[in-house]
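Heads up: the structure comes next, in structure tokens.
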Amino acid sequence: MVSTLHHIKGYNLKLSGKPSAVLEDLPLPKQVAAVAGRLRFVKPRLAVKVGDRVKVGSLLFADKRRPEVQFRSPGGGTVSAVNFGPRRRLQEVVITVDLEEAFEEFPRISGAELDSIDRARLIELIVAGGLWPLIRELPFRDAARPENLPPAVFVYLDSLEPFHPLPQVYLQGREDLLQFGLRVLHVLAGAPALVTACRDNAQALNGLKEVIGRRLTGRYPAHDPGVVLYRTKTSADQNHAWYIEGQDLLLIAEFLQTGRFPTGRIVTLAGPAATRPGHFRTRIGVPLAALTDGRTAAGEVRLVAGGVLTGNPTPRDSYLGLFEKALVLLAEGNTSGDFLGWTLPGAQTPSYSRAFLSSFRRPREFPLDCNRHGGLRACIQCNFCTQVCPVDILPQLTYKAILAGEVEESLDHGLLDCVECGLCSLVCPSKIELLKILRQAREQFYEEMI
């Protein structure tokens, strides 16, 4: 039986530039890349050098501390570049793709074999294929620890982030793969996974009504597995639940069925500065230029790989990473404010504050840009961040505890419950980068734990 979970807190992101539901095929790129620079909790150890020949699925790099966290080649050809950043941190391994690509061959698993396969053997296969990092673990959202049996597994099919790929687009004709993937998770967890979808999209997925275990309603980020866990858990033992995105589960299912590393990916190009926002069928590790050329507004535009509030600013000559399914284009907004702008009613100004007329108007979409629209100030205790925080962690007090070096106090306020949705930074009238500070504190605590 499908249940409904209504989440009251959060904030509706009324942003223009949503992607069209029409799916367009992109030409095969001449180069693809495995992106390491935007991976969190991974210290990459390089396994190739410039000039090496690789197949689709060849090992490119792995985590020095956790050998099961491997990243394999999304293309077959020649390693044409290995790009490093500050302190010689690996950023990208670029592959110039052959016209006819060679594939690493892995064992295949049929539906009948899946019913009797040993859990350890299944983990071994997924790890060998470089897809284990797609299964992540709360609260830090790093790669799941295969030696542990999770208290729960969440599969979220969609997102209330307005620029995320729609499940009715990426699941069309692939429902059987999703069913196979859910059987895989059942073996890994020893219990069925909980599949979630937001109400509007769940209604569009008519063929998956029996699969979806929970319909979600409410404001962004009600879709997030961390929010679902926070609202449903009954004990602290459930804090280390696993989760995976729907499209990532398809990759694991395809790999196990075919014995080959999957290269296809459906991504979105969206945002107010995208002239042709939509869904595109392309390759994992696609160059950003393949998406943006001819589809970007004039002027200074920032590229954000991932979520509009949670993604990473990315140079134009970069590539989409394994976890990144959206490329958001935002105008830099490097313009001075209106003359005596503080006296204007702000009917066209997107704001959480009721100081602007826009907050009293009927819901409409606003263009978002990268202008801070104000100066950085000290916290004024407005409680806006508390009002929108989906997991009730009192961000302003957590932030102050972090600045004071009071780690235990920040944990008491719920630092580890933070789902890193970015709403606290969005609504802060003092322009404090709360998400950045909370995220850095979580990462520091993670490093101290391992």
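The values are calculated or read from the model by the stated rules, or taken from the named source; none is laboratory data. These figures come from a predicted structure and were not determined experimentally. Cβ placement follows ideal geometry from the backbone for every residue including glycine, while neighbour counts extend to all protein chains displayed. Accessible surface areas use protein heavy atoms only, side chains included; no ligands, DNA or RNA. Shrake-Rupley method; radii C 1.70, N 1.55, O 1.52, S 1.80 Å.
Going residue by residue through segment 89-98, is there one that turns out to be farther than 20 Å from residue 324 by Cα and touching a residue at least 40 places away in the same chain (Cβ under 8 Å)? Looking through segment 89-98, at least one residue is farther than 20 Å from residue 324 by Cα and touching a residue at least 40 places away in the same chain (Cβ under 8 Å). Being closer than 24 Å to residue 56 by Cα, free of Cβ contacts under 8 Å to residues at least 60 places away in the same chain and either assigned to a loop (DSSP other than H, G, I, E, B) or touching a helix residue (DSSP H, G or I) at 6+ places or on another chain (Cβ under 8 Å) (or both) holds for only one residue in 248, 317, and it is 317.
For segment 260-286, a residue qualifies if it is more than 11 Å from residue 17 (Cα to Cα), of a type in the set (S, T, N, Q) and part of a loop (DSSP other than H, G, I, E, B), and exactly one does: 263. Return the residues of segment 232-258 that are crowded, with 17+ Cβ neighbours inside 10 Å and over 17 Å from residue 323 (Cα atoms); say none if nothing qualifies. Result: 240, 241, 256, 257.
When segment 56-83 is examined, which residues are found to be under 15 Å from residue 128 (Cβ atoms) and not in a strand (DSSP E or B)? Hits for segment 56-83 are 57, 58, 66, 67, 68, 69, 73.
Reported count of residues in segment 330-349, each being at pLDDT below 75, open to solvent by 60 Å² or more (accessible area, probe 1.4 Å) and assigned to a loop (DSSP other than H, G, I, E, B), is 9. Apart from one condition, residue 147 fits all of (1) surrounded by fewer than 20 Cβ atoms within 10 Å (Cβ to Cβ); (2) touching a helix residue (DSSP H, G or I) at 6+ places or on another chain (Cβ under 6 Å); the exception is (2). Given the options 127, 169, 155, name the one that is open to solvent by 10 Å² or more (accessible area, probe 1.4 Å), under 30 Å from residue 449 (Cα atoms) and among the β-branched types (Val, Ile, Thr). Residue meeting the stated conditions: 127.
Against the test of being crowded, with 16+ Cβ neighbours inside 10 Å and over 22 Å from the mean Cα position of the chain (by Cα), the options 110, 73, 58 yield a single qualifying residue, 58. Selection over segment 295-314 of residues that are in contact with a Pro (Cβ under 9 Å, 6 or more places away or on another chain) and not in a loop (DSSP other than H, G, I, E, B) gives a count of 4. Per the listing 101, 92, the residue uniquely open to solvent by 30 Å² or more (accessible area, probe 1.4 Å) and over 30 Å from residue 194 (Cα atoms) is 101.
What is the residue count in segment 418-431 for residues that are at pLDDT below 95 and closer than 12 Å to residue 398 by Cβ? Residues flagged as at pLDDT below 95 and closer than 12 Å to residue 398 by Cβ within segment 418-431 amount to 0. From the list 14, 49, 9, the lone residue that is over 22 Å from the mean Cα position of the chain (by Cα) and open to solvent by 20 Å² or more (accessible area, probe 1.4 Å) is 49.
Could you count how many residues in segment 33-43 are open to solvent by less than 20 Å² (accessible area, probe 1.4 Å) and either at positive phi or in a strand (DSSP E or B) (or both)? The number of residues fulfilling the criteria is 3. Selection of segment 137-168 for residues being within 24 Å of residue 121 (Cβ to Cβ) and among the basic types (Lys, Arg) yields only 145. Taken over segment 357-385, the criterion of being assigned to a loop (DSSP other than H, G, I, E, B) and hydrophobic (A, V, I, L, M, F, W, C) is satisfied by 368, 370, 376, 378, 379, 380, 382.
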